[in-house]
Amino acid sequence: MRIAAAVEKTGLLFGITHTYTGYPLVIEARERVRAGELGDIRRVVVIYLQDWLSRDEDTRGSKQATWRTDSSIGGESGAFADIGTHAFNLVEFITGKQMVEVAAELKTVVAGRDIDDDGAALFRLENGASGMLAASQVCTGAVNGLRIEIYGDKASLHWSHGDPNSLTIGRRGHPDQVISPGNNIEYLSEVARARCRTPGGHPEGFIEAFSNLYVDFAAAVRAWPESTDIVCATVKDGVRAMRFVRATITSTDNGSQWTSI
């Protein structure tokens, strides 16, 4: 909150690298939801599973691991603050709807840690849609398993970080439609195509997603102060993510009761 207050006071720009929102097909998913292709959103499932902290020895001798498993360094949450916030942001980014309530269970699986390394939450969006979010760093064999599914009354969207160059659209009674990225592919929305760095048939990857966020933020810097619009995540998105984490902790402490964000 102090950072948010400083941004508001100074009027300067503040961007957050929610990396997955830089993928062209994640942007395409958002544009198709905005266009009403899915209809009314009914349910969202987002899962982010890793295994790099699944053993006790993973914590020792690693600065990256230490701050994620020690509350005196990393704060009141581990896995949910680290990767759960990315899953949370992905839901709000694609659907355009805010998450308003959660019923969560955060756990510490590996002995010796004092903050969560595993957890799941049911949630509700502002339009009444239901959802489920899981985030864990102790799932053996899950290297970086992020995926999201969004279901509307007309169609559904499916995207996985393991196959970021495929966006699947499902419709009842029809074969799945698989969309690929490419700056020369006309069926993509203009905003997604503008963030494709390679022609069709060439993979768009993790580094390119970062590049898109940096380019968008640089454009905002060049336009400042005449314009303060930022395409990438802002400090307000960061505050919302922290409120999500706090709500999941509060819910867990109260027996997984529904808790407002």
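The values are calculated or read from the model by the stated rules, or taken from the named source; none is laboratory data. Here the structure is a predicted model, which means the values were calculated and not measured. Heads up, the Cβs are rebuilt from the backbone with ideal geometry, glycines too, and the neighbour counts pull from every protein chain shown.
So here's what we get for this one:
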item	result
Among the candidates 73, 83, 47, residue that is surrounded by fewer than 24 Cβ atoms within 10 Å (Cβ to Cβ), assigned to a helix (DSSP H, G or I) and modelled with pLDDT of 95 or more	83
Any hit, the stretch 146-165, residues being touching a strand residue (DSSP E or B) at 6+ places or on another chain (Cβ under 9 Å), at pLDDT 95 or above and farther than 24 Å from residue 86 by Cβ	yes
Within the stretch 15-42, considering residues that are of a type in the set (A, V, I, L, M, F, W, C) and either farther than 17 Å from residue 86 by Cα or buried (at least 21 other Cβ atoms within 10 Å of the Cβ) (or both), the one nearest to the chain's Cα centre (by Cα)	26
Hits in the stretch 131-143 (condition: over 15 Å from the mean Cα position of the chain (by Cα), buried (at least 16 other Cβ atoms within 10 Å of the Cβ) and among the small types (Gly, Ala, Ser))	142
Positions within the stretch 86-114 being aliphatic (A, V, I, L, M) and at pLDDT 95 or above, in sequence order	87, 90, 91, 94, 99, 100, 102, 103, 104, 106, 109, 110
Looking only at the stretch 186-225, and only at residues there that are touching a helix residue (DSSP H, G or I) at 6+ places or on another chain (Cβ under 7 Å) and of a type in the set (Gly, Ala, Ser), the one that is farthest from residue 34 (Cα to Cα)	209
Conditions (1) more than 19 Å from residue 147 (Cα to Cα); (2) in contact with a Phe, Trp or Tyr (Cβ under 8 Å, 6 or more places away or on another chain): number failed by residue 88	(1)
Any hit, the stretch 122-130, residues being assigned to a loop (DSSP other than H, G, I, E, B), surrounded by 19 or more Cβ atoms within 10 Å (Cβ to Cβ), over 13 Å from the mean Cα position of the chain (by Cα) and in contact (Cβ under 8 Å) with a residue 24 or more places away in the chain	yes
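A quick yes/no check of all residues on (1) touching a residue at least 60 places away in the same chain (Cβ under 8 Å); (2) acidic (Asp, Glu):
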position	(1), (2)
42	yes, no
48	yes, no
51	yes, yes
71	no, no
86	yes, no
92	yes, yes
106	yes, no
